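Asker: Sharing a structure, written as structure tokens. Questions coming.
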Amino acid sequence: MASCAGLALCGRALVVRGGSRFLATSTAGSDDDVPFLYDCSPAEKSQENKGEDGQPMEKGSDMILAAAFSKSGGYFALTDDSKRLILFRTKPWQCLSVRTVVRRCTALTFTASEEKLLVADKSGDVYSFSVSDPQGCGKLELGHLSMLLDVAVSPDDRYVLTADRDEKIRVSWAAAPHSIESFCLGHAEFVSRILVVPDHPELLLSSSGDCTLRLWEYQSGRELHCCHLTSLREPAEPWGDKRSAASRIAYWGQESCVALLCDCIPVVYIFQLDARRQQLAYRQQLAFQHRVWDVAFEEGQGLWVLQDCREAPLVLCRPVDGQWQAVPENTALKKVSAHLQGNWAMLEGVSGMDAGFSGLYKATFDNVTAYLRKKEERLQKRRQNPPPGPNGQAKKMKPEEASLRCSS
């Protein structure tokens, strides 16, 4: 699902998005860095005013739904609520194309070769768009029967991995997407996020509405480890019994750390990945006073946290003596925070928005109790008012018939 605000990092390039706008800057300490600002609202929109059924198309809000850097950081792409896919070159920042997607998208990613851009939509389809041909039309690659929530590719571009609302992770061949390599099955609710571990390309991390973080060997579909987040919460916490799905999984190769941000909970869980033992070890949780919108790791720096606080929109955390903690304001943090404070209007409009996963949980209905109650009422009425016989008189039931009806 769409997040109202988000954070993306690649190398020293940092992007913060909110509503229909985003701000791009650098975490380098130089003071001459000029941020790049972009607003999707004035961007070119499709001239088509009718959908596939011939009815007028619903107008979008222009809110950015998903965004991602390419592996090298040379490209950046986003998709918005008006069904536009916008591609940028980042060195220097320049908009290369504005293309139209068939349906609103939930996630996007670049292939490792940076030749294609894959977008997943709410109807369960994945389309590919050329990067070298910025004006090229999209190509349908694969489809699902349920909504897609995330898409990823293996580091060698061999597999396309998709996460859907029906609890499944599917591993498909990129060269022949109709060929399915495996399914990763085990989640009891929708799969909200997936991440292929960069320095262990055979491993996959996934999170779900069932409040678990799982580790997989995705080519075989084998589950290696499962962490239940509910067991990590304190009963006294106000969100202790609240259902929540992870809105972000981030990985830091420097110390094999995994950061997990849950939807609408101001806590970031820190895990350690032991690839040799193929398991995750819980380390600590970072609690914040304000709503946390997104998190991202920067190699050599630490964990950047984007929060709903104008005075301190960004927090930088690093491990100190084995424990993660916020670092004093340094030059990079001060500079980027100043850029955000000067453009706070793009985040101010999304402060009260809740674009979480609450609407994706399976609904349960108990209609058996009501059925049995109504059945018993009907039987009681029949016992009190037996149906008339052939001559208009009430039909008398034999004792054995009465006992049979009572027992039913």
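Asker: Condition first: part of a strand (DSSP E or B) and either at positive phi or in contact with a Ser or Thr (Cβ under 7 Å, 6 or more places away or on another chain) (or both). Now tell me which residues in segment 185-204 satisfy that.
Answerer: Of everything in segment 185-204, those that are part of a strand (DSSP E or B) and either at positive phi or in contact with a Ser or Thr (Cβ under 7 Å, 6 or more places away or on another chain) (or both) turn out to be Val191, Ser192, Arg193, Ile194, Val196.
Asker: Please list, ordered by first then second residue, the pairs with beta carbon atoms under 7 Å, 6 or more apart or interchain, first in segment 56-73 and over 11 Å from Ser20 (Cα atoms) and among the polar types (S, T, N, Q), second at pLDDT 90 or above and surrounded by fewer than 21 Cβ atoms within 10 Å (Cβ to Cβ).
Answerer: Ser70/Glu114; Ser72/Glu114
Asker: I need the full set of residues from segment 296-329 which are of a type in the set (Phe, Trp, Tyr) and open to solvent by 40 Å² or more (accessible area, probe 1.4 Å), in order please.
Answerer: Listed by number, the list is empty, since nothing qualifies.
Asker: Also, I was wondering about something else. Working only within segment 273-295, note down all residues that are open to solvent by 30 Å² or more (accessible area, probe 1.4 Å) and under 19 Å from Pro201 (Cβ atoms).
Answerer: Of everything in segment 273-295, those that are open to solvent by 30 Å² or more (accessible area, probe 1.4 Å) and under 19 Å from Pro201 (Cβ atoms) turn out to be Asp274, Arg276, Arg277, Gln278, Gln279.
Asker: Please work out if Thr230 is without any contact (Cβ under 8 Å) to a residue 40 or more places away in the chain and either open to solvent by 30 Å² or more (accessible area, probe 1.4 Å) or over 17 Å from the mean Cα position of the chain (by Cα) (or both). Spell out how you get there, then give the answer.
Answerer: On the way: without any contact (Cβ under 8 Å) to a residue 40 or more places away in the chain: yes; either open to solvent by 30 Å² or more (accessible area, probe 1.4 Å) or over 17 Å from the mean Cα position of the chain (by Cα) (or both): yes.
Yes; evaluated as a whole, the condition is true for this residue.
Asker: Let me spell it out: the conditions are (1) modelled with pLDDT under 95; (2) surrounded by 20 or more Cβ atoms within 10 Å (Cβ to Cβ), and Thr162 meets all of them except one. Which number is the exception?
Answerer: Tallying (1) modelled with pLDDT under 95; (2) surrounded by 20 or more Cβ atoms within 10 Å (Cβ to Cβ), Thr162 fails exactly one: (1).
To keep it simple, each residue is scored yes or no on (1) farther than 18 Å from Ala5 by Cβ; (2) open to solvent by less than 60 Å² (accessible area, probe 1.4 Å); (3) of a type in the set (A, V, I, L, M).
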{"position": "Tyr251", "(1), (2), (3)": "yes, yes, no"}
{"position": "Val258", "(1), (2), (3)": "yes, yes, yes"}
{"position": "Phe271", "(1), (2), (3)": "yes, yes, no"}
{"position": "Thr331", "(1), (2), (3)": "yes, no, no"}
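Asker: Right, something else. Among the residues of segment 98-108, is there at least one that is outside any strand (DSSP E or B) and either of a type in the set (D, E, K, R) or buried (at least 23 other Cβ atoms within 10 Å of the Cβ) (or both)? So that I can check it myself, show each step before the final result.
Answerer: Taking segment 98-108 and keeping what is outside any strand (DSSP E or B), we get 101-104.
Restricting the remaining residues to those that are either of a type in the set (D, E, K, R) or buried (at least 23 other Cβ atoms within 10 Å of the Cβ) (or both) gives 103-104.
Yes: one or more hits.
The values are calculated or read from the model by the stated rules, or taken from the named source; none is laboratory data. Quick caveat, the model's predicted, so the values are computed rather than measured. Glycine gets a Cβ as well: all are built from the backbone with ideal geometry, and neighbour counts include every protein chain shown. What goes into the accessible areas is simple: the full protein's heavy atoms, side chains included, and nothing from ligands, DNA or RNA. Shrake-Rupley method; radii C 1.70, N 1.55, O 1.52, S 1.80 Å.
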